[in-house]
Structure formats: structure tokens, C-alpha cells
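Structure first, commentary second.
Throughout, read-outs are computed from the coordinates displayed, never taken from laboratory work. No experiment lies behind these values; they were computed from the predicted model shown. As a convention, Cβ positions derive from the backbone with ideal geometry for all residues, glycine included, and neighbour counts pool all protein chains shown.
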Amino acid sequence: MTESNAMGIPVVANDVNDPRDSVLDGTNGILVKGKDPESLPRRTLKILIDKVMLNRLSVNALEQSRQFSWDKTFEYYTSQIDYMI
């Protein structure tokens, strides 16, 4: 999902634990309820048809992806390890 965001591609995903970490519903992608199997393709089509929504989600997805990098991840885990030691 982060890779898609880095390409400016909004994600449509089921609203479960992991996607919530990187998909902000209605901001940089769409989260759908897992118990509604028709919701995923319906919401995907909505983004593809609504060019204004697609553009807004794409810009936000790209911006959101800038919060993640290998350097930031390395720094975070290094600081956590240092704290535990």
C-alpha cells in the first residue's frame, strides 16, 4: 500500500488492521467493510469514474507516502533497540 501511495495511486482496501496504518479513508484511499463483498469493486469504480476524487486521493496518497522511508524506519527501530538496551 505504501508503494502504491508513493506512485500517487490511491488504495481501495478492506477495513482491517494493516490497511488502517497507511490508508486514511477518503483522504488517500478508500477503506471498505469486509462483510460487503460488492463494496470493494463499487468503490473502486467510483474512484475511476470520479476524476476529481481520483486526483484528490492521488495527491494525498503521494504526500502520505513521504512520511515513510527506509531511513526513518531504520532510525525508529534503532532508537527502540537503544531504549531497550
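Taken together, T2, T78, T44 contain a single residue that is touching a residue at least 60 places away in the same chain (Cβ under 8 Å) and on the phi < 0 side of the Ramachandran plot, which is T2.
Of everything in the stretch 1-26, what is of a type in the set (V, I, T) and touching a helix residue (DSSP H, G or I) at 6+ places or on another chain (Cβ under 8 Å)? Give them in sequence order.
Selection gives T2, I9, V11, V12.
When the stretch 5-41 is filtered for residues that are in contact (Cβ under 8 Å) with a residue 12 or more places away in the chain and among the polar types (S, T, N, Q), the ones remaining, listed by number, are N5, N14, S22, T27, N28.
Here the condition is being out of contact with any His (no Cβ under 8 Å at 6 or more places or on another chain), outside any loop (DSSP other than H, G, I, E, B) and aliphatic (A, V, I, L, M); of I81, I9, it holds for I81 alone. Count of the stretch 11-38 residues, restricted to those that are farther than 19 Å from R66 by Cβ, surrounded by fewer than 16 Cβ atoms within 10 Å (Cβ to Cβ) and of a type in the set (V, I, T), is 1.
So which residues in the stretch 39-85 are under 18 Å from V11 (Cβ atoms), surrounded by fewer than 11 Cβ atoms within 10 Å (Cβ to Cβ) and not hydrophobic (A, V, I, L, M, F, W, C)? Matches in the stretch 39-85: K51, R66, Q67.
Per-residue answers, yes or no, for (1) polar (S, T, N, Q); (2) over 19 Å from the mean Cα position of the chain (by Cα); (3) closer than 19 Å to G29 by Cα:
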position: I47; (1), (2), (3): no, no, yes
position: A61; (1), (2), (3): no, no, yes
position: S69; (1), (2), (3): yes, no, no
position: Y77; (1), (2), (3): no, yes, no
